[in-house]
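Engineer: Next up is a structure, given as structure tokens.
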Amino acid sequence: MIEKIYIPTLHRVDNQIAYNALPDKLKEKVVFVVQAWERDQYKYPTEYLVLPDYITPDHPRAIAHTRKCIYEAGRDKQYVMLDDDITFKRRNAKYWAGESTMEKSARIATEEDVLEMFELFDSWLEEDGVTFCGPGFSENPPGNKSYTTNSSMSSAYWIDGRDFSHVLDEFPLTDVKVAEDVVFILSLLTRGYSNRVSVEFCMLNTSVNKKMDSVVWDDQTKESVLRDHKTIEKLFPDLFTIRYEEDGSRVGGGFRDFGKSKIHWSKAYKQSQSNTLEIHLDE
């Protein structure tokens, strides 16, 4: 059962999109994760995780260090980590169940939808073989199943920290600023910790999609993004590949239009199973 809902936030004291969309019974579990200098500005009736003083807006990898603090706080529990600016949505079940459940293809999630989503993800974490799960991307077209396995995630995670507590310190969680979540996911998948991503319940991240200003991402450049992507490519060869045009320039698109990369999520998990088998055979 989910014990805490961690929401890292910065410069959005009066603009809490994710928190405001939660039903009251879930707001009781919220822990705002805030930088020390900003703590006194927050008046929400919740718990607070105050970050170490060295994590400031000027820190080059503040979000990576912030999330590392959350993972460490969640070592012994099942918990949720939500970006502060996400909007939950629910898709029409006609795509995989063959029967329409709403007038349109999707809608903004109601409080009842959010409660149902939490119950579903809670149940997934109780299953053997599911260490982390969450909603998919609303931009992605729906498939013919209500969920996918070992695939891309971002911005909203349901995590069983107990599963990987003993190897958490091995993860290179603060090596990059951009795509630090990719490093976290690939660190889990390559060690055999599987995920499940909902197609029915999905989310929209307004700052990543440039629909909202972001103090974390607005100062990024193509050069800084490429530098971090090259670091990830070295950490996970054959699993993370930067895509280039024939003239050597990056293929357009990707995160905030800084360039596309190819990430082999399923291969990462399969690779972990092959490694496990080889070790077993050697023994």
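Engineer: Among 265, 158, 96, whose mean-square fluctuation peaks in a Gaussian network model of the chain (Cα, cutoff 10 Å)?
Structural biologist: Checking each option, the largest mean-square fluctuation is seen for 96.
Engineer: Among 193, 252, 229, which residue has its Cα positioned farthest towards the positive end of the charge dipole of the chain, with +1 placed on the Cβ of Lys and Arg, -1 on the Cβ of Asp and Glu, and the dipole taken about the Cα centre?
Structural biologist: Going by the charge dipole, the pick is 252.
Engineer: Right, next: Distance from the Cα centre of region 98-112 to that of region 127-206, in angstrom?
Structural biologist: Region 98-112 and region 127-206 have Cα centres separated by 24 Å.
Engineer: Please identify every one of the chymotrypsin sites (Phe, Trp or Tyr not before Pro) in region 33-84 that sits in a loop by DSSP and has no more than 16 other beta carbons within 10 Å of its own beta carbon.
Structural biologist: Values: sites: 37, 42, 48, 54, 71, 79; in loops: 42, 54.
Within region 33-84, the qualifying chymotrypsin sites (Phe, Trp or Tyr not before Pro) (loop, at most 16 other Cβ atoms within 10 Å) are 42, 54.
Engineer: What does the accessible area per residue of region 100-173 come to in Å², with a 1.4 Å probe and no ligands, DNA or RNA counted?
Structural biologist: Values: 3640 Å² over 74 residues.
Per residue, region 100-173 has an accessible area of 49 Å².
Engineer: Taking region 1-80, which GluC sites (Glu not before Pro) meet the DSSP loop condition and have no more than 15 other C-beta atoms within 10 Å? Please list the in-between numbers first.
Structural biologist: Numbers: sites: 3, 28, 38, 47, 72; in loops: 3, 28.
Passing both the DSSP loop test and the Cβ count: 3, 28.
Engineer: For region 1-86, report the accessible area per residue in Å² (1.4 Å probe, heavy atoms, rounded to an integer). Can you show the working numbers first?
Structural biologist: Numbers: 3840 Å² over 86 residues.
It amounts to 45 Å² per residue over region 1-86.
Engineer: Now for a separate question. Per DSSP H run of at least 4 residues, take -39500 (n - 2.57); add these up for the chain, divide by its residues and hand me the 222 nm value, nearest 500 deg cm²/dmol. Before the final figure, lay out each step's value.
Structural biologist: Numbers: 8 runs with 81 residues, N = 283.
-8500 deg cm²/dmol, from helical runs alone.
Engineer: Once phi is turned into ³J(HN,Hα) by the Karplus curve 6.51 cos²θ - 1.76 cosθ + 1.60 with θ = phi - 60°, what whole-Hz value does each residue of region 185-190 show in order, with x for glycine and proline?
Structural biologist: After applying 6.51 cos²θ - 1.76 cosθ + 1.60, I find 5, 5, 4, 6, 4, 6 Hz.
Engineer: I'd like the carbon and sulfur percentage of the solvent accessible area for region 128-201, probe radius 1.4 Å, heavy atoms only, ligands and nucleic acids excluded.
Structural biologist: On the way: 1030 of 2420 Å².
It is 42 percent, rounded to a whole number.
Engineer: Follow-up question, since we're still on this one. Which value does Rg/Rh take for region 114-207 over its C-alpha atoms, Rh per Kirkwood?
Structural biologist: Details: Rg = 13.4 Å, Rh = 13.9 Å.
Here Rg/Rh amounts to 0.96.
Engineer: Let me ask something additional. If you plug each phi of region 120-135 into the Karplus form 6.51 cos²θ - 1.76 cosθ + 1.60 with θ = phi - 60°, what whole-Hz ³J(HN,Hα) values come out, in order, with x for Gly and Pro?
Structural biologist: These are the phi-based 3J(HN,Hα) values: 5, 5, 4, 5, 5, 5, 7, 7, 5, x, 10, 9, 8, 7, x, x Hz.
Engineer: Shifting gears a bit: What residues have an amide H closer than 5 Å to that of residue 196, excluding those fewer than 5 places away on the same chain, when H is modeled at 1.01 Å from N in the peptide plane?
Structural biologist: 132, 133, 134, 150
Engineer: While we're looking at this one, here's another question. Considering only the chain, what is the antiparallel percent among its DSSP beta bridges, to the nearest 5?
Structural biologist: Values: 22 of 39 bridges.
Antiparallel bridges make up about 55 percent of those DSSP assigns within the chain.
Engineer: How would you rank 11-17, 178-184, 97-103, highest first, on the average number of other Cβ atoms within 10 Å across their residues?
Structural biologist: Details: 11-17: 15.0, 178-184: 22.4, 97-103: 10.3.
The densest-packed peptide leads the list: 178-184, 11-17, 97-103.
Engineer: Amide H to amide H, which residues 5 or more places from residue 6 or on other chains are under 5 Å from it, using H placed in the peptide plane?
Structural biologist: 31, 80, 81, 82
Engineer: May I ask you to evaluate 6.51 cos²θ - 1.76 cosθ + 1.60, the Karplus curve with θ = phi - 60°, for each residue of region 73-89 and list the ³J(HN,Hα) values in order in whole Hz, giving x for glycine and proline?
Structural biologist: Karplus values, whole Hz, x for Gly and Pro: 5, x, 3, 10, 8, 8, 8, 10, 10, 10, 5, 6, 10, 8, 10, 7, 9.
Engineer: Separate question: Around residue 85, which amide H atoms from residues at least 5 apart in sequence, or from another chain, sit under 5 Å from its own amide H, with H modelled in the peptide plane?
Structural biologist: 18
Engineer: Show me 117-124, 185-192, 197-204 ranked by packing, highest mean number of other Cβ atoms within 10 Å first. Show your work: numbers first, answer last.
Structural biologist: Working: 117-124: 17.8, 185-192: 21.1, 197-204: 22.8.
Averaged packing, sorted descending, gives the order 197-204, 185-192, 117-124.
Engineer: Kindly provide the trypsin sites (Lys or Arg not before Pro) of region 93-131 that DSSP labels as loop, not H, G, I, E or B, and whose Cβ sees at most 14 other Cβ atoms within 10 Å. Kindly include the intermediate steps, with their values, before the conclusion.
Structural biologist: Values: sites: 94, 104, 107; in loops: 104.
Taking region 93-131 and a limit of 14 other Cβ atoms within 10 Å, the loop trypsin sites (Lys or Arg not before Pro) found are 104.
The values are calculated or read from the model by the stated rules, or taken from the named source; none is laboratory data. Worth saying up front: this structure is predicted, and the values here are computed from it rather than measured. Note: ideal-geometry Cβ built from the backbone for every residue, glycine included; neighbour counts use all protein chains shown. Note: accessible area is taken over every heavy atom of the protein model, side chains too, but ligands, DNA and RNA are not part of it. Shrake-Rupley method; radii C 1.70, N 1.55, O 1.52, S 1.80 Å.
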